[in-house]
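Beneath this line is the structure, given in structure tokens, with notes to follow.
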Amino acid sequence: MKREEFFEAIGGLDDNIIAAAWPREKRGMWLSAGIKAACAALVIAAGSMLAFSGEGTAVTAYAHDTGEEITSVGAVMTGGKIYSDGSMKGHPLMFYLEGENIESVRFSCKNQKIRFTDWTEQREEYGSAQNFTVPYGENEDEYYYLTIDWEPNISNIRISPVNGAVIISPLDPTGGEDIIVLEITFLNGDRAVKAINISLLEDGAFFASMKDYEITEADDFVSRPDAEPIPRDILYGKD
Amino acid sequence: MEDSEIIALYFKRDERAIEETRKKYGGYCASIAKNILGSDEDAEECLSDALLSAWNSIPPNRPEYLSSYLGRLARNNAFNRYKLARAEKRGGGQLSLLLDELAECISCRDTVEGAVDSHELSRALNGYLSGLPDGRRKIFVLRYWYAMPIAEIAKKTGKSRFSITKALERERKGLKKYLSERGFEI
């Protein structure tokens, strides 16, 4: 198909989708005070129902490149891998969260580093760090644009030729296994803890899964203080 | 004037329909045309052609969303002009840029075996966009239906150009995967 044909096919979008996308001037100045008060009361009542119902506290993680869910069963991540020449290409684990009513998530990475990027450019960022807290907020549309990129240090990787093949393995356990703990706080005050486990496979790919998690005394990496935010003009230079 | 009243004028064959349509939607249609063609003069000609097309098609059509109906007439008209003029000149409007972006979603092969039904593709596109959150859908439609420049999308959505660019990049990847999973070999 030619790209012009694709553009024409986009012309066939439903009218309501087209109409809804066009920016409108803000309306509502004509609403009476009574109607405004009624609307406010409805919003407060709906919010209270959510707070007491306990609904909307599920959180799932999705790989950035493929959109695949990172499940409790786990899967090989295809966004990046280590190659037989020792180089790493792509992002082995870059993910975003989906859920409802997330107030904040505190990320703690045990062995390697993680990088938070807010594509909406509204939140503080930390560069490559191991512990930080990200405010998510009420606007669930924005969650998709909040990405976490796991950045392994591959300097302690061993490349071993075996029977004509190449085996990739870590020189020590910290190079081959890692865990990212997510301490999730919801807008209604509920809390949940999940962890993403990552392991290096012999072919240089990475396997990841996400499960509910219970922090124990052995998890001293979770107790590390949060990193300091880094201003955007230092992280990215001027736009 | 409400859309229903404007449509009623069309059905009565009252030429005030054209005047009222131009008053209410002239700027809207012209901006779509200018996004594609890049020239005020071409956009104005497109608007006139779109109004004529509306007059000739209402009735029997009775659009539920008059804005989208007119916008589509302007878009199609502008795109046809773009295709005719393409051999003579490039640049100007946004279309060349966004066609380059859309190329990421397709293979650019054009064989009889690989022909894709445009209506089926439109249906699939509607399915994909319907499943997106409002904000993401809006950015996609503003860029690829309205052919709006990225800087303007950024201004209207309150986001930076950088974040709009990255968001569109991700949506194109998502769309390509969605279409591929549904058997669209494009």
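Nothing in this text is a laboratory measurement; each read-out follows from the coordinates by a stated rule. Fair warning: this is a prediction, and the values are worked out from it, not measured in the lab. Don't worry about glycine lacking a Cβ; one is built from the backbone with ideal geometry, like all the others, and counts go over all protein chains shown.
The magnitude of the dipole of segment B:95-181, with charges of +1 and -1 set on the Cβ of Lys/Arg and Asp/Glu and taken from the Cα centre, is near 620 debye.
Scalar couplings 3J(HN,Hα) for segment A:147-154, obtained by applying the Karplus form with A = 6.51, B = -1.76, C = 1.60 to θ = phi - 60°, are 10, 10, 10, 7, 10, x, 8, 9 Hz; x denotes Gly and Pro. Based on every Cα atom in segment B:95-181, Rg and the maximum pairwise Cα distance Dmax equal 13.5, 44 Å. The string of couplings for segment B:34-39 from the Karplus curve (6.51, -1.76, 1.60, θ = phi - 60°) is 5, 4, 7, 9, x, 10 Hz, one whole number per residue in order, with x for Gly and Pro.
Note on segment B:3-85: with charges restricted to the Cβ of Lys and Arg (+1) and Asp and Glu (-1), its dipole about the Cα centre is near 260 debye. Among the residues of A:59-71, the average count of other protein chain beta-carbon atoms within 10 Å of the residue beta-carbon is 1.
Counting charges near B:Leu51 (Lys, Arg +1; Asp, Glu -1) among other residues having Cβ under 13 Å from its Cβ returns a value of -2. For A:Asn153, enumerate residues with amide H under 5 Å from its amide H, sequence gap 5+ or separate chain, H modeled in the peptide plane. For A:Asn153, the qualifying residues are A:Lys113.
Over segment A:59-235, Cα pairs under 8 Å with separation of 6+ residues give a relative contact order of 27 percent. Averaged over peptide B:169-181, the number of partner chain Cβ atoms lying within 10 Å of each residue's Cβ comes to 2. Taking θ as phi - 60° and the Karplus parameters 6.51, -1.76 and 1.60, the scalar couplings of segment A:211-217 work out to 9, 4, 9, 10, 6, 10, 4 Hz in sequence order, x denoting glycine and proline. Each of B:Asn76, B:Gly127, B:Tyr25 was placed along the dipole of chain B (beta-carbon charges, centred on the mean Cα), and the one lying farthest toward the positive end is B:Gly127. Using only the C-alpha atoms, the convex hull of segment A:59-235 corresponds to 123 Å³ per residue.
Report, to the nearest 10°, how far helix B:66-85 tilts away from the longest principal axis of the Cα atoms in chain B, using its own Cα long axis and a range of 0 to 90°. With rounding to tens, the tilt is 70 degrees.
Calculated FRET efficiency, A:Arg123 and B:Asp14, Cβ-Cβ r, R0 51 Å, to nearest 0.05? Here the calculated transfer efficiency is 0.40.
Taking a sphere under 11 Å around the Cβ of A:Met77 and counting the other residues whose Cβ falls inside, with K and R at +1 and D and E at -1, yields a net charge of -1. Between the amide H of A:His91 and those of A:Gly80, distances stay under 5 Å, these residues lying 5 or more places away or on another chain, with hydrogens modeled in the peptide plane.
Dipole magnitude for chain B: computed about the Cα centre from +1 point charges on Lys and Arg Cβ and -1 point charges on Asp and Glu Cβ, it is near 720 debye. Only Cα pairs within less than 10 Å get springs; with that Gaussian network setup on chain B, which residue of B:Ser118, B:Ser53, B:Ser163 has the largest fluctuation? The residue that fluctuates most here is B:Ser118. Projecting the Cα atoms of A:Tyr126, A:Leu93, A:Gly67 onto the charge dipole of segment A:59-235, computed from C-beta unit charges around the Cα centre, puts A:Leu93 farthest toward the positive end.
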